[in-house]
1. Given the chain, what percent of its DSSP beta bridges are antiparallel, to the nearest 5?
2. For a protection proxy built on the mean count of beta-carbon atoms within 10 angstrom, sort 66-78, 27-39 highest first, please.
3. Measure out, as a whole number of angstrom, how far apart the alpha-carbon centroids of region 244-295 and region 1-68 sit.
4. Would you compute, from DSSP H runs of 4+ residues alone, the mean residue ellipticity of the chain at 222 nm, taking -39500 (n - 2.57) per run and dividing by the full residue count, rounded to the nearest 500?
5. Give me the number: length gained by fully extending residue 264 to residue 41, i.e. 0.36 nm times residue separation minus the C-alpha to C-alpha distance, one decimal in nm.
6. Give the relative contact order (percent, whole number) for region 234-334; include only Cα pairs under 8 Å separated by 6+ residues.
7. Tell me, what does the Kirkwood hydrodynamic radius of the chain come to in angstroms if you use every pair of distinct C-alpha atoms?
8. For the chain, what does the relative contact order come out to in percent, with C-alpha contacts under 8 Å and a separation of six or more?
Ligand code: TXA
Ligand code: MG
């Protein structure tokens, strides 16, 4: 398939429409991770998202909108709680699960009677949706089993010749997928942690919410049952102080392992023989989160067999960072 790279979705909207008319897919940046999108009204294109990514069919897709008015026709009810969240966090990295209207193809929602909707903040993402003239359903742009794409090179590597359009953008602001909150359960439930924290949501809603690990008898984000991705190497989380980490690393014979962590910890490991990947300052988990997937992809490409890392503060996006790291990890060693 021929792929076209564009940088300005509005002035190049003819190309976007042509691609969509031909059941094509569009890879585009958002403020979280890159997405691979199709018109929500084109079952052929939607099916090809699953095939192109190698994604299990029972893992539903998020519908992306550019304007509040596009919500009409997607959902049957927008509750007062939903309105509060939209006013506070849209456009932005919050996906809201609401009761689905009949016009949303069940292929998108894996036959659930709910639909996940998000209005991205990235201007390029919203321009793509505007140029398309329809909401776009889009999972993260990565082959199933790889980290979500957080730079153009990664998504180009995965999808060149497999999608019609690439919208070239920069490095996403957050680097980790959106927070998914289910408003169809009795108590609002976070199904996937992301940049918008539970505390921020509780402040806006004025009530205590639950996270899916605590919530019993509530449906979980189907995607969360899959291992997020399988890194080429083993990711091992070392849970302990820096002196303990140094002591542990000195005791291992594996010269080919690498260490990935906060700048300060990598600095303290300078005299050890192993290579280190410094993700950002310890107290700025948002910088570390932005670098995580890109670094893991680099390590995959280098075919590194063992990747040691450490635990990070669970403040703000730190909860999401640790969630993704724990999903990628084969084990955590308490030191
Ligand atoms: O930041 C993001 O959300 C990115 C960008 C591209 O917008 N998208 C993304 O999509 O991460 P994906 O497909 O990789 O993850 C969607 C998650 C999955 O865990 C899926 O199970 C869940 O959302 N989900 C989608 N529809 C749902 C529904 N109706 N009920 C519960 N969970 C749903
Ligand atoms: Mg994904």
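1. Percent antiparallel among DSSP bridges in the chain is about 35.
2. Descending packing order for the listed peptides: 27-39, 66-78.
3. About 36 Å separates the Cα centre of region 244-295 from the one of region 1-68.
4. Dividing the helical sum by the residues of the chain leaves -9000 deg cm²/dmol.
5. That works out to 75.3 nm of additional length.
6. Here the relative contact order equals 42 percent.
7. It is 20.5 Å.
8. Relative contact order comes out at 20 percent.
Laboratory data are not the source of any read-out in this text; all were calculated from the coordinates shown. None of these values were measured; they are calculated from a predicted model. Here the Cβ is made from the backbone with ideal geometry for all residues, glycine too, and neighbour counts use every protein chain on show.
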